[in-house]
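Heads up, the thing below is written out as structure tokens.
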Amino acid sequence: MKLKITPSSFAIVISLLLTLLVVEMFFLNEKKQFELLNKKNDLVFEQDVSKIINNEINNMIISLKTFDLLFKSTGYNPIEFNALAKEVMATNSSISELQFAPQGLIQLTYPHLEHNSAIGHDLNQLEKRGKGVLLSVKNQSLTLIGPVKLIQNNRLSFILRLPIFNEKSKFSGFIIAISDLGNISNKLPLKHLSYSIQGFDPDGQMLTIFDNIIDKKNGPISVFNVPVPNGNWLFSIQNSKHDERMHSIARIILYIIVLVSFFYIYKRERQLLLTNNHINDANNILKLAIFTDELTNIYNRRYMNNIFRQVFFSNITATHSIAFFDIDHFKKVNDTYGHDAGDEILKVFASICLNNIRAADVIARWGGEEFILFMEKTSSIHAKDVCYRILRAVNQHPFLYNGQVIHLTVSIGLTSFSPQNDQIEMVLKNIDKAVYHSKNNGRNRITTI
């Protein structure tokens, strides 16, 4: 006998299939929402961790440079080392030890502990430190190494090295700050989390600082980088796993209440869309706030520093130009007309710059009445044309405030560089000299170095 399905049976089968499809769609949306929430939490966590780590490192850098200035003022007199080191470390709990290594040979440490002292270690001869030493001397800049295990006591720490040079720019040694890993990790929001951290060591590969992720099957792993001087720390965070068992129980319930499921799925999908839009809007607002100057609505110093990092770490060989603008007699404007007038002038000046630069140029407020312009793949000749346009526009623009006309000029410094041949510190130093030369030679002019 041939089996024949009736229209009503067919309708029931179709209804059941549709019900199963809707139920699966519902749980797919649940999983998407779960992943979306994890991404949101990861973003907040990443921002918090990056802020804490960079604040700690920046504080250490400031303290190390302060110590170097104080010690240098004594002619690097060994007798003054302990007193100065004690004074600096009293203001920075992140620093565990300060060291002085003339020509790379560690001769002074504070605090000095005989059973685990690094005194006598020649950094130039240590196999596990050679590449890091060469990197610091070659770049002629402060470098962050680690975390690594200290040779003298196997403590997991990171090392901040500041090379020092004599008047002839010849390497003469290091000022070194050491911080135990716990000084930073105790300040991070890592309680009750499964995570791992890897750090940079130029004498080896990425070193695992900490890892309490027991089973990678317990949940998805989110990975993000935290930029630190001359490297990155790699964070891996394990998120909670989607609970399939509980969802199987819920599926059975949803099979019984089909009509409710349809309505609920619609609400959840709509809520997911709204949540996603809200997160995207919040992220866009956050990025805009981080990289935008609140007064002039152009890019800020943080954004320009990001541009510099990208340019100087790229492998593209090209000549770029940077111009520095300093509004002349700006303090006199504030004193004469008030700070509201000064704010209005800054906004108008930013607008003039935007109207006279090219589409590929990037203008940012560097601080106060100072602005900086980055011109990618631009020689000094073409860069000077852009600067002259701005100079002429400022001269020709009548700045009006409360019916009064304020005539302003701007001093400009200009320099060109190649990331393959120049260091950012030297480039910024040159442009600063150029601006001062314009200031000292009558203002309202462009100086090229």
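The values are calculated or read from the model by the stated rules, or taken from the named source; none is laboratory data. Not measured: the values here are computed from a predicted model. Note: ideal-geometry Cβ built from the backbone for every residue, glycine included; neighbour counts use all protein chains shown.
Filter the range 347-378 for residues that are more than 24 Å from the chain's Cα centre (by Cα) and not charged (D, E, K, R) and give the result. Within the range 347-378, VAL348, PHE349, ALA350, SER351, ILE352, CYS353, LEU354, ASN355, ASN356, ILE357, ALA359, THR378 qualify.
The set of residues from the range 338-350 being under 18 Å from PHE291 (Cα atoms) and either in contact (Cβ under 8 Å) with a residue 60 or more places away in the chain or of a type in the set (Gly, Ala, Ser) (or both) comprises just one member, ALA350. In the range 72-81 there is no residue that is under 30 Å from LEU234 (Cβ atoms) and either not aromatic (Phe, Trp, Tyr) or not in a helix (DSSP H, G or I) (or both). Sub-7 Å Cβ pairs linking a first residue in the range 220-232 that is more than 10 Å from ASN54 (Cβ to Cβ) to a second residue that is at pLDDT below 75 and of a type in the set (D, E, K, R), at least 6 apart or interchain, are SER222/ASP42; PHE224/GLU46, ordered by first then second residue.
If you go through the range 314-344 and keep only what is part of a helix (DSSP H, G or I) and surrounded by fewer than 20 Cβ atoms within 10 Å (Cβ to Cβ), you end up with PHE330, LYS331, LYS332, ASN334, ASP335, THR336, TYR337, HIS339, ASP340, ALA341, ASP343, GLU344. Restricting GLU370, GLU344 to residues that are more than 30 Å from LYS138 (Cα to Cα), modelled with pLDDT under 95 and acidic (Asp, Glu) narrows the list to GLU344.
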